[in-house]
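> Take a look at this one; I'll ask things after.
The values are calculated or read from the model by the stated rules, or taken from the named source; none is laboratory data. Here the structure is a predicted model, which means the values were calculated and not measured. Here the Cβ is made from the backbone with ideal geometry for all residues, glycine too, and neighbour counts use every protein chain on show. Accessible surface is based on the protein model in full, side chains and every heavy atom, while ligands, DNA and RNA are left aside. Shrake-Rupley method; radii C 1.70, N 1.55, O 1.52, S 1.80 Å.
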Amino acid sequence: QVQLEESGGGAVQAGGSLRLSCAASGSIFSINLMRWYRQAPGKQRELVAIISSGGTTNYVDSVKGRFTISRDNAKNTVYLQMSSLKPEDTAVYYCNADVKVAASVGWSAYWGQGTQVTVSS
């Protein structure tokens with residue numbers, strides 16, 4: 001079994017910064033794409049940032065220039081550095097990863113439990 005555990009959420013004033021971490025643990029053979037999603041109250045979950053195993057990144061337009069996704073493959077960990085935070089960034093942030101538990105097994109998607117980010121004006 002594979003577990004993803006997020007940390008680093010909290011409350012911050014507008015213009016501030018937070019760094020989220022998500023560590024994958026368990027029976028892991030390989031991790032491909034890793035992603036950060038967020039879900040604000042009353043809204044659909046949206047993809048915020050994605051990073052490949054080789055480090056290629058992509059972002060939703062609303063966070064470009066403010067958020068940076070990175071990963072440490074040796075630690076099976078993905079990060080989201082968030083700067084210049086705005087009240088509209090307030091949401092529960094979830095990490096997601098495509099994982100193989102063995103070479104002969106296909107990719108499966110796993111989710112973390114979510115971490116709350118609250119930005120006050």
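> Quick check on my filter: what residues within the range 1-30 are β-branched (V, I, T) and closer than 11 Å to N96 by Cβ?
none
> Also: Looking at (1) open to solvent by 60 Å² or more (accessible area, probe 1.4 Å); (2) outside any loop (DSSP other than H, G, I, E, B), which is the one condition that is false for R35?
Only one criterion is unmet by R35, namely (1).
> When residues of the range 55-97 are filtered for being at positive phi and not small (G, A, S), how many remain?
Count: 1.
> Moving on. Being farther than 25 Å from T118 by Cβ and either surrounded by 13 or more Cβ atoms within 10 Å (Cβ to Cβ) or basic (K, R) (or both) narrows it down to one residue among S21, S70, S53; which is it?
Answer to the check: S53.
> Which ones in the range 93-109 are surrounded by fewer than 22 Cβ atoms within 10 Å (Cβ to Cβ) and either hydroxyl-bearing (S, T, Y) or without any contact (Cβ under 8 Å) to a residue 60 or more places away in the chain (or both)?
Y94, S104, G106, S108, A109 - these are the residues of the range 93-109 that are surrounded by fewer than 22 Cβ atoms within 10 Å (Cβ to Cβ) and either hydroxyl-bearing (S, T, Y) or without any contact (Cβ under 8 Å) to a residue 60 or more places away in the chain (or both).
> Of all residues in the range 22-38, count the ones that are free of Cβ contacts under 8 Å to residues at least 60 places away in the same chain and among the hydroxyl-bearing types (S, T, Y).
Going through the range 22-38 one residue at a time, the tally reaches 2.
> Something else now. Determine, yes or no, whether V119 is of a type in the set (A, V, I, L, M, F, W, C), over 17 Å from S21 (Cβ atoms), assigned to a strand (DSSP E or B) and in contact (Cβ under 8 Å) with a residue 60 or more places away in the chain.
Judged against the criteria, V119 is a match.
> Would it be correct to say that S62 is hydroxyl-bearing (S, T, Y) and either closer than 16 Å to D98 by Cα or within 15 Å of the chain's Cα centre (by Cα) (or both)?
For S62, the condition - hydroxyl-bearing (S, T, Y) and either closer than 16 Å to D98 by Cα or within 15 Å of the chain's Cα centre (by Cα) (or both) - is not met.
A quick yes/no check of all residues on (1) β-branched (V, I, T); (2) modelled with pLDDT of 95 or more; (3) more than 16 Å from E5 (Cβ to Cβ):
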| residue | (1), (2), (3) |
| --- | --- |
| Y37 | no, yes, no |
| P41 | no, no, yes |
| I51 | yes, yes, yes |
| R71 | no, yes, no |
| Y79 | no, yes, no |
| T90 | yes, yes, yes |
| Y94 | no, yes, no |
| T118 | yes, yes, yes |
